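Reading through the structure tokens given below for one structure.
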Amino acid sequence: MDTFTIITAAFIVGIIAYSIIWTCVNNSKPKTSVSAQVVSIDKRDSGDITRRGGRVLINFSKVYYVNFLLLSEGKVKKFTVPIEGNQSISEGDTGILIRQGSRFISFKRNSRKK
């Protein structure tokens, strides 16, 4: 094996090990509920085009990064938030954030005043 192959393999193994360790750390933490306010939302679109056997595959996805102000701690934390179905989160919303370590679980928005 050449040096490049060894370094590449070590890098890939390191990334996999880091992901496994980080998942175990988050899974060992309790789920906690905190009052929070949505400070900002960063919506990022990504996409890629691949060719396989004469076919072109197009994949697009949206990733939402939401900054929450944890009202009890006075700190802002950023979470990657999957947007599912008709769920909507807007800047300024307040509610209960459920998290597990650094993982976003859910956000239950307080009812909006009309």
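Here's the yes/no breakdown for (1) in contact with a strand residue (DSSP E or B) (Cβ under 9 Å, 6 or more places away or on another chain); (2) among the acidic types (Asp, Glu); (3) under 16 Å from residue 102 (Cβ atoms):
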residue: 4; (1), (2), (3): no, no, no
residue: 25; (1), (2), (3): no, no, yes
residue: 30; (1), (2), (3): yes, no, yes
residue: 62; (1), (2), (3): yes, no, no
residue: 88; (1), (2), (3): yes, no, no
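Collect the residues in region 36-61 that are modelled with pLDDT of 85 or more and aliphatic (A, V, I, L, M), keeping them in residue-number order. Across region 36-61, the qualifying residues are 36, 38, 39, 41, 56.
Being surrounded by 10 or more Cβ atoms within 10 Å (Cβ to Cβ) and either touching a residue at least 60 places away in the same chain (Cβ under 8 Å) or in a strand (DSSP E or B) (or both) narrows it down to one of 35, 46, so name that one. Steps first, please.
Numbers: 46 fails: surrounded by 10 or more Cβ atoms within 10 Å (Cβ to Cβ).
Just one listed residue meets the conditions, 35.
Only a single criterion out of (1) touching a Ser or Thr at 6+ places or on another chain (Cβ under 9 Å); (2) loosely packed, with under 10 Cβ neighbours inside 10 Å; (3) β-branched (Val, Ile, Thr) is not satisfied by residue 5, namely (1).
The values are calculated or read from the model by the stated rules, or taken from the named source; none is laboratory data. Given the structure is predicted, the values throughout are model-derived calculations rather than measurements. Neighbour counts run over all protein chains shown; Cβ positions are idealised from the backbone, glycine included.
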